[in-house]
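First the structure, in the form of structure tokens, and then the observations on it.
The values are calculated or read from the model by the stated rules, or taken from the named source; none is laboratory data. Quick caveat, the model's predicted, so the values are computed rather than measured. Cβ sites come from the backbone with ideal geometry, for glycine too, and all protein chains shown count toward neighbours. Calculation scope for accessible area: heavy atoms of the full protein, side chains included, ligands and nucleic acids excluded. Shrake-Rupley method; radii C 1.70, N 1.55, O 1.52, S 1.80 Å.
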Amino acid sequence: MRLAPNTDTVPASVNKYLLPHERQVISVHQHPAVLIGPIFWALLGLAVAGWLSNSIANGNGTVILIIWILWAVLLLRLAWKVLEWSLTYFVITSQRLLLAKGFLLRRVDMMPLTKVTDMSFNRSARGQLLGFGEFVVESAGQDQALRHIEYLPYPEQLYLEVCGLIFKDTEASPD
């Protein structure tokens, strides 16, 4: 039974990391709340640039140009963050957990489901309000690349989905 919607289609850039015998169970982008900070700074920069252009620059073309170039840097940073967000996927397969991220430098973190010894999720007040959470995944005695997975949408449903895959082989004992 599918608990979390699988609305995202995983691009070939992620599918190429799946093994032939694996099946994709679910894949999601990070929650768009990851973009709140960059959006805030771009809008604040726009307001400050507009105010500085009208009140302090006094028609000085060079100063106005510098102000708007600085704002363009904030806008480019926002565009970069949106691009990174659009290429970041958390994928749950029948065998592994994968986190694929990055644009110029692609990074794929992975953990076999059989190595997961403990998993929990955290939701801050902001996460509860906006609908995202964080997974904390642990494996036996090792430092792993896939420990904190932040800004996950539907954290409760994803948690139940992963637990269902981890404990699928254990059957209830007959009474």
Largest-first ordering by accessible area, 1.4 Å probe, given options Val116, Val137, Val34
Val34, Val116, Val137
The answer for the net charge of residues other than Phe40 whose Cβ lies under 15 angstrom from its Cβ, with Lys and Arg +1 and Asp and Glu -1, is +3
Under 8 Å for C-alpha pairs, at least 6 residues apart: give me the relative contact order for the chain, rounded to a whole percent.
23
Enter the accessible area of Val25 (Å², nearest 10), with the probe set to 1.4 Å and all protein chains included.
0
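Would you mind getting the accessible area per residue of the chain, heavy atoms of the protein chains only, 1.4 Å probe, in Å²?
Using a 1.4 Å probe on heavy atoms only, each residue of the chain averages 61 Å².
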Kindly report, to the nearest 10 Å², the accessible surface of Tyr17 as traced by a 1.4 Å probe over protein heavy atoms only.
70
Given a 1.4 angstrom probe, I'd like the percentage of the accessible area of the chain that is carbon and sulfur, rounded to a whole number.
62
Name the lysines eligible as straight-distance cross-link partners of Lys81: C-alpha to C-alpha under 19 Å, and not fewer than 8 places from it in the same chain.
Lys101
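What FRET efficiency comes out for Leu76 versus Gln128 if R0 is 45 angstrom and r is the Cβ-Cβ distance? Round to the nearest 0.05. Before the final figure, lay out the partial values.
On the way: r = 32 Å, r/R0 = 0.72.
The pair Leu76/Gln128 has a calculated efficiency of 0.90.
Does segment 73-154 come out rounded, prolate or oblate by the C-alpha gyration tensor, with a ≥ b ≥ c the root eigenvalues, rounded set by a/c under 1.5 and, if not, prolate when a/b is larger than b/c and oblate if not? Walk me through the intermediate numbers first.
On the way: a/c = 2.37, a/b = 1.41, b/c = 1.67.
In terms of gyration-tensor shape, oblate.
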I need the GluC sites (Glu not before Pro) found in segment 73-175, filtered to DSSP loop residues with at most 16 other beta carbons within 10 Å of theirs.
Glu171
Between helix 36-55 and the chain, what is the angle of the helix's C-alpha long axis to the longest principal axis, kept within 0 to 90° and rounded to the nearest 10?
0
On Cα atoms only, tilt of 61-86 relative to the major axis of the chain in degrees
10
Could you run the Karplus curve 6.51 cos²θ - 1.76 cosθ + 1.60 with θ = phi - 60° over segment 120-136 and give me ³J(HN,Hα) per residue in whole Hz, x for Gly and Pro?
9, 10, 10, 9, 6, 4, 5, x, 5, 5, 9, x, 9, x, 10, 8, 10
With the cut-off at 1.5 for a/c, could you classify segment 8-59 from its C-alpha gyration tensor as rounded, prolate or oblate?
prolate
What is the angle, in °, between the Cα long axis of helix 155-166 and the longest principal axis of the Cα atoms in the chain? Nearest 10 is fine, range 0 to 90.
30
Show Arg23, Arg126, Arg106 ordered by accessible area, largest first, where the area counts protein heavy atoms only and the probe is 1.4 Å.
Arg23, Arg126, Arg106
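Decide, for the chain, between rounded, prolate and oblate: order the square roots of the alpha carbon gyration tensor eigenvalues as a ≥ b ≥ c, take rounded if a/c falls under 1.5, and otherwise choose prolate if a/b is larger than b/c, else oblate. Before the final figure, lay out each step's value.
Values: a/c = 3.25, a/b = 2.50, b/c = 1.30.
The shape class here is prolate.
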The alpha-carbon pair-distance distribution computed for segment 46-101, with 10 angstrom bins and whole-percent values, is 21, 28, 18, 15, 11, 6, 1
Between Glu156 and Arg107, what is 0.36 nm times their sequence separation minus the Cα-Cα distance? Round to one decimal in nm.
15.1 nm
Hits among lysines - C-alpha to C-alpha of Lys168 under 24 Å, sequence gap 8 or more where chains match:
Lys115
